[in-house]
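Encoded as structure tokens, the structure appears first; notes follow it.
Every number in this text was worked out from the coordinates using simple rules, so none of it is lab data. Here the structure is a predicted model, which means the values were calculated and not measured. A quick note on method: Cβ atoms are made from the backbone with ideal geometry, for glycine too, and the neighbour counts reach across all protein chains shown.
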Amino acid sequence: MKLFFNAAGFASSFVLAGFVLASSPAVAHVTLEVREAKAGAPYKATLRVPHGCDGTATLKVKAQIPEGVIAVKPMPKAGWQVDTVRGAYAKTYPYYHGAKLSEGVKEIAWTGKLADEHFDEFVFSGFLAADLPAGRIYFQVTQECEKGDMRWSEIPAAGRDSHALKAPAPALVILAQHAAPSAAAQSFKAGALTIEAPWIRATPGGARIAGGYMKITNAGKDADRLVGGTFPVAGRFEVHEMSMDGGVMKMRELAKGLEIKPGESVELKPGGYHVMFMDLKRGLKEGETYKGTLVFEKAGKVEIEYKIGPIGGGAPKAGGHSHH
Ligand SMILES: [Cu+2]
């Protein structure tokens, strides 16, 4: 009798005694090399095919492109014929330079030969639509072999993960964009300046610092500078910029404040200029609001109100704060 091991390594032969096993267990699955990516950004997919079907060579690999993955292009592959099937997307998606895409590659098929004892990678590039919600999307893959085929098409039920599935479809975790809390956000006036939609990223765990973001527009004829401010639960308030330092993104205080030129807007946003609240006396939770002040060189002091936004992705790493 054939000894059968499942993925957990338990010998199941006694359970299956008396049955004829149709196929050997698939220990390694077809997976994506990079399994997390941000919406609204390019994505390079590398599908890894670890074995054939029941010991026979793979002759074709077909990947279905899920909705929201646009502008897909397969990478040519030596020794393999690459075919695509195009089709309409469920809707029109904005793409670079104002372009809109309403159709594109929905399926890629690679035809060639991959011996069972070999491993190979099948690569394509695409763009993850900005409105893809955080969560998982699945690339269903079919592997056609000399004998039989493997359909990597199982999608776990809501709230479950893929581990229990025999042939899970390769999954990609979509990370939410760090979007500012929305539109209904308030604006505040100080002389010729308008401050729009101030928000602060919620603080994870016991973090004692937080970044604040907003858009400042100068409708006047003279430049002004954001030079300081106050925040009720912060020990210190600084105006910061992010910049590259020896290949590492770091933040530093703008000693002379942040200039807002006449007729221009400056956006304070994650990864760029921001105000920094330090020595926080309490954590900031999403959904809360806090009043604070900003101080401008010419326009003087203005009271504003911040909304506390999501913790989100892309927060400056703690290491970047080592100078604080
Ligand atoms: Cu900072």
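A few remarks follow.
- Local net charge near residue 101, Cβ-Cβ under 14 Å (Lys/Arg +1, Asp/Glu -1): +2
- About its Cα centre, the dipole of the stretch 152-268 is roughly 200 debye, where the only charges are +1 on Lys and Arg Cβ and -1 on Asp and Glu Cβ.
- Lys, Arg +1 and Asp, Glu -1 on Cβ, resulting dipole of the stretch 25-175 about Cα centre, debye, nearest 20: 420 debye
- The stretch 49-98 and the stretch 104-169 have Cα centres lying 9 Å from one another.
- With 21 Å as the limit, the listed pairs 38/307; 38/215; 215/301; 60/91 have 38/307; 38/215; 60/91 beyond it between alpha carbons.
- The stretch 68-182: radius of gyration over Cα atoms, expressed as a fraction of 2.2 N^0.38 Å: 1.25
- Against the rule of thumb 2.2 N^0.38 Å, how large the Cα Rg of the stretch 187-321 comes out: 1.01
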